[in-house]
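Working notes for the structure below.
The values are calculated or read from the model by the stated rules, or taken from the named source; none is laboratory data. Model, not experiment: these values are computed from the prediction. All Cβ positions, glycine included, derive from the backbone under ideal geometry; neighbour counts span all protein chains shown.
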Amino acid sequence: METAALQVSPGNEAHLHAFATEALTTAGEARALYLHTSPEFACKSLLAAGERRIFSLGKVWRNRERGPLHHPEFTMLEWYRAGEAYETIMADCAALMRLAAQAVGAEVLTWRGGTCDAFAEPERLTVAEAFERYAGLDLFGDLAAQARGAGMRVAEDDVWADVFSKIIVEKVEPRLGFGRPTILYEYPVSEAALARKKAGDPRVAERFELYACGVELANCFGELTDAAEQRVRFEAEMAEKSRVYGERYPIDEDFLAALALMPEASGGALGFDRLVMLATGARRIEDVLWTPVAP
């Protein structure tokens, strides 16, 4: 599928930032539009229209992102399977890593001296297990108090999500995907705005991320199809965005209408350039882009 890059809403996650523009009518009247941060809304609308197995490989845009692993314009592979469990997407991720290594004649993925066997079966580790193993913290306890006790800096105005993010970034992510890939799964529901809750444990959602050499390669969901719950989550995300950044994005009403018709599905989004980086041993994402945006 080749989805439209211009959207009414670029996505409704608090810490994703979009590029805004204006569409002018022939009379010169302006309407705000955004370059999408992901083709997700469009792809899910296509699932609602009857498509069953689809993928998109194309450019996405994210503002406020620049660094060795980040670029304002990059290529994303996004795919969906209607009627299939999200464990199937885990298998897809493992197959994509093997394919990338085969394409360049490599046996391992590498980054900053670390290596990961692209052909090894990924380790599956819940977020709760990772917090216990790498930070010695109880995910479902008082995170702020535990983090302070472990010597981490926690500001007075940090909310739960801020503390969670600090622990992930400082203690967990740098330890994932060495030797073999890691699938980090069962994120807290508050950190999985577009994923359905896990049956039997409403504290966590069917979300996982794929890691190799400490680098996040993919973000995947068992997709939420409850339009009413999705609206509540979007509104909460935009309230947080307003609190932190003083801005918010509109909610795409057509997407929510389509979501009400969407079948049960699972999907994944993989940073294509990052996978190429690790397969070729490149040091920065700009090393694998034909024409990177000037700094």
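The set of residues from segment 4-30 being in a loop (DSSP other than H, G, I, E, B), of a type in the set (S, T, N, Q) and surrounded by fewer than 19 Cβ atoms within 10 Å (Cβ to Cβ) comprises Thr25, Thr26.
Are any residues in segment 126-172 surrounded by 20 or more Cβ atoms within 10 Å (Cβ to Cβ) and in contact with a Phe, Trp or Tyr (Cβ under 8 Å, 6 or more places away or on another chain), and if so, which ones?
Of segment 126-172, the ones surrounded by 20 or more Cβ atoms within 10 Å (Cβ to Cβ) are 127, 130-131, 135, 137, 139, 143, 147, 163-164, 167-168, 172.
Answer for segment 126-172, where residues must be surrounded by 20 or more Cβ atoms within 10 Å (Cβ to Cβ) and in contact with a Phe, Trp or Tyr (Cβ under 8 Å, 6 or more places away or on another chain): Val127, Leu137, Leu139, Leu143, Ile167, Val172.
Within segment 263-291, the set of residues being in a helix (DSSP H, G or I) and either within 12 Å of Leu69 (Cα to Cα) or of a type in the set (A, V, I, L, M) (or both) comprises Phe272, Asp273, Arg274, Leu275, Val276, Met277, Leu278, Ala279, Ile285, Glu286, Asp287, Val288. For segment 131-165, filtered to residues that are in a helix (DSSP H, G or I) and among the acidic types (Asp, Glu), the residue that is farthest from Ala192 (Cα to Cα) is Glu132.
If the condition is being in a loop (DSSP other than H, G, I, E, B) and either modelled with pLDDT under 95 or surrounded by 20 or more Cβ atoms within 10 Å (Cβ to Cβ) (or both), then segment 67-84 contributes only His71.
Can you confirm whether Ala260 is of a type in the set (Gly, Ala, Ser) and farther than 26 Å from Glu65 by Cβ?
Working: of a type in the set (Gly, Ala, Ser): yes; farther than 26 Å from Glu65 by Cβ: yes.
Considered against the rule, which asks whether it is of a type in the set (Gly, Ala, Ser) and farther than 26 Å from Glu65 by Cβ, Ala260 comes out as yes.
Answer yes if at least one residue in segment 272-283 is surrounded by fewer than 14 Cβ atoms within 10 Å (Cβ to Cβ), of a type in the set (D, E, K, R) and touching a residue at least 40 places away in the same chain (Cβ under 8 Å), and no otherwise.
Step one: filter segment 272-283 for residues surrounded by fewer than 14 Cβ atoms within 10 Å (Cβ to Cβ), giving 283.
Narrowing the set further to residues that are of a type in the set (D, E, K, R) leaves 283.
Filter once more, so that each one left must be touching a residue at least 40 places away in the same chain (Cβ under 8 Å): 283.
Within segment 272-283, one or more residues are surrounded by fewer than 14 Cβ atoms within 10 Å (Cβ to Cβ), of a type in the set (D, E, K, R) and touching a residue at least 40 places away in the same chain (Cβ under 8 Å).
Taking every residue in segment 4-22 that is closer than 14 Å to Glu65 by Cα and pairing it with any residue that is part of a loop (DSSP other than H, G, I, E, B) and among the hydroxyl-bearing types (Ser, Thr, Tyr), at least 6 positions away or on another chain, the pairs with Cβ-Cβ distances below 7 Å are Leu16/Thr37; Ala18/Thr37; Ala18/Tyr249.
Out of contact with any Ser or Thr (no Cβ under 9 Å at 6 or more places or on another chain), part of a loop (DSSP other than H, G, I, E, B), of a type in the set (D, E, K, R) and within 17 Å of His17 (Cβ to Cβ): is that true of Glu247 in this structure? Yes. Taken over segment 190-222, the criterion of being free of Cβ contacts under 8 Å to residues at least 24 places away in the same chain, among the aliphatic types (A, V, I, L, M) and surrounded by 19 or more Cβ atoms within 10 Å (Cβ to Cβ) is satisfied by Ala205 alone.
From Leu33, Leu57, which residue is in a strand (DSSP E or B), in contact (Cβ under 8 Å) with a residue 12 or more places away in the chain and under 27 Å from Ile89 (Cα atoms)?
Working: Leu33 fails: under 27 Å from Ile89 (Cα atoms).
Being in a strand (DSSP E or B), in contact (Cβ under 8 Å) with a residue 12 or more places away in the chain and under 27 Å from Ile89 (Cα atoms) holds for just one of Leu33, Leu57, which is Leu57.
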